[in-house]
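Notes follow once the structure below has been shown.
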Amino acid sequence: MEKTFIMLKPDALQRDLAGEIIARLEKKGFKLVAAKLMRVSRELAEKHYQEHKGKGFFEPTVAYITSSPVMAMVWEGKNVVAQARSLMGATNPAQADPGSIRGGFAVDVSRNLIHGSDSVESAGREIGLYFSAEEILSYSKAGDEWLSE
Ligand code: IDP
Ligand code: MG
């Protein structure tokens, strides 16, 4: 089953939105298969955002992500990479659908609450940055057969 890397950024935890955001992913029908509350080091943040190195927002984004604890998670489900991005909304909350997480709970691109992998390939890379293989669980849930055939 497809997996994606999701991170609740420091503002999500500081603003008490962790439960609300996790609930949306749960209610959608995705399965949480790994989670840890952690402080991201500068070294890890630079690896995470390596594709943006050299851009103007790189340094502020690394500072933001390392400023306070985050919750790193792996979620599993059918087309979860694209569907989680859809639940998150556009990168800039000002342009995000108001029903989305970023559109509903954030106002500025520099504090957009949540990270989600942008492709299956990125998901594999990002999951590997934050989790070891043993930390990713495989289990069935009672409602699995009611989510897809
Ligand atoms: P994404 O998080 O929707 O994939 P990316 O373009 O990959 O968006 O940018 C990574 C992160 O960098 C964003 O989520 C946001 O935290 C930050 N960021 C992107 N563009 C800007 C900007 O123009 N100003 C400030 N921060 C930005
Ligand atoms: Mg991105």
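The values are calculated or read from the model by the stated rules, or taken from the named source; none is laboratory data. This structure is a prediction, so every number in the text was calculated from the model and none was measured. Positions of Cβ are generated from backbone atoms using ideal geometry, with glycine treated the same way; all protein chains shown enter the neighbour counts. In case anyone asks, the SASA skips ligands and DNA or RNA and just uses the protein heavy atoms, side chains included. Shrake-Rupley method; radii C 1.70, N 1.55, O 1.52, S 1.80 Å.
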Subject >> For the range 50-114, accessible area per residue (1.4 Å probe, heavy atoms of protein chains only), Å² >> reply: 48 Å²
Original post:
Can you flag which of Lys53/Lys78; Lys78/Lys141; Lys27/Lys53; Lys3/Lys55; Lys47/Lys141 are past 25 Å Cα-Cα?
Top reply: Lys53/Lys78; Lys27/Lys53; Lys3/Lys55; Lys47/Lys141
**OP:** State the three equivalent ellipsoid semi-axes of the chain, derived from the C-alpha gyration tensor as the square roots of 5 times its eigenvalues, in descending order and whole Å.
**Re:** 24, 18, 14
Original post:
So what is the relative contact order for the chain, in percent, with contacts set as C-alpha pairs under 8 Å and at least six apart?
Top reply: 35 percent
Subject >> the range 80-149: Cα Rg divided by the 2.2 N^0.38 Å rule of thumb >> reply: 1.35
**OP:** Take each complete run of DSSP H in the chain, measure how far its Cα atoms stretch along the helix's own axis, and keep only those covering 20 Å or more with mean Kyte-Doolittle hydropathy at least 0.5; list them.
**Re:** none
Original post:
Out of the range 13-58, which trypsin sites (Lys or Arg not before Pro) are coil in DSSP terms and have no more than 14 other C-beta atoms within 10 Å?
Top reply: Arg15, Arg39, Lys53, Lys55
Subject >> For the range 1-86: Kirkwood Rh in Å [reciprocal of mean 1/r, alpha carbons] >> reply: 13.8 Å
Original post:
What per residue convex hull volume, in Å³, do the alpha-carbon atoms of the range 55-96 yield?
Top reply: 107 Å³
**OP:** Would you mind telling me the share, in percent, of accessible area of the chain contributed by carbon and sulfur at probe 1.4 angstrom?
**Re:** 52 percent
Original post:
Which is the longest stretch in the chain that no exposed loop site breaks, taking sites as chymotrypsin sites (Phe, Trp or Tyr not before Pro) with a DSSP loop state and at most 12 other Cβ atoms within 10 Å?
Top reply: 58-138
**OP:** Using the Karplus curve 6.51 cos²θ - 1.76 cosθ + 1.60 with θ = phi - 60°, work out ³J(HN,Hα) for each residue of the range 133-149 in order, rounded to whole Hz, and write x for Gly and Pro.
**Re:** 4, 5, 7, 9, 8, 10, 7, 9, 10, 4, x, 3, 6, 9, 9, 7, 7
